[in-house]
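Q: Sharing a structure below in C-alpha cells format, with a few things to ask.
Read the figures in this text as sums done on the coordinates, not as results from a lab. Note that this is a predicted model, so its numbers are computed, not measured. When we count neighbours, we look across all protein chains shown, and the Cβ atoms used for this are built from the backbone with ideal geometry, even at glycine.
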Amino acid sequence: MELICPICQLPLTQEGRSLRCRRNHSFDMARPGYVNLLPAQQKPEFTEKYDGFFHLTDMQGDVENARMHYILRDHDAAKLEQKKADAQAAAAFLNRKYGEGTVTVTLRDSYFNMKKCIEPCMHIVEKWVLSYCGNKNLSTGYCV
Ligand SMILES: [Zn+2]
C-alpha cells in the first residue's frame, strides 16, 4: 500500500518512525502504525519565536469516537490559512480512505495578530505612551 502526502499528494516514504514526502512534509508514525497526518516539524517542540505550529491540547476517545483539540497558530495570516487547509486535507485524506464523514474538522478563529489593525493608528498608541511616560517622569521632556 502506497501512502501519499495529504498536503502535496506526493508519495510518502518511511524514515524510521516518520513518513516523509520529497517536499519534506513529515508525519509521525505511532508504534502500532497509526500516522499523525499533521506536519511533525510544526509541533511546538520543534518551533521557536514566530514559527507557527499545530499544538495538540486535548484528546479524548472511546471505542466509537475520538476527539482531538488543536491550537493552530501562526503570525503570518497566509501561513495560518495554510495550516487550516492542511488540517482539512488530512481529514479529506482519511475520509477518502475510510468513508465520508469519518473525520470532521471544525475550525474556530479565537484571535488574530493585531499588528495590521494597530499600525494605521500607531499615532494614538505613541501619544498615549508619551502621555504615560510624561506623567511618570516629570524631569524628562517628550515631544511628538
Ligand atoms: Zn508533501
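Q: Springs between alpha-carbon atoms under 10 Å, Gaussian network over the chain: tell me which of Ala77, Ala89, Ala40 tops the mean-square fluctuations.
A: Ala77
Q: Let me ask something else. Rank these for me by crowding, Ile124, Ile4, going from fewest to most other beta carbons within 10 Å.
A: The fewest-first ordering by Cβ neighbours comes to Ile124, Ile4.
Q: Can you give me the angle between helix 122-136 and the longest principal axis of the chain, using Cα atoms only, in degrees from 0 to 90, rounded to the nearest 10?
A: 60 degrees
Q: Let me ask something additional. Counting trypsin sites (Lys or Arg not before Pro) as exposed when in a DSSP loop with at most 13 other beta carbons within 10 Å, what is the longest stretch of the chain free of them?
A: 50-107
Q: For the chain, how many pairs of lysine residues have a Cα-Cα distance under 22 Å, where the two are 8 or more positions apart or belong to different chains?
A: Total qualifying Lys-Lys pairs in the chain comes to 19.
Q: Taking the Cα centroid of segment 84-111 and of segment 1-49, what is the distance between the two, rounded to the nearest whole Å?
A: Result: 16 Å between the Cα centres.
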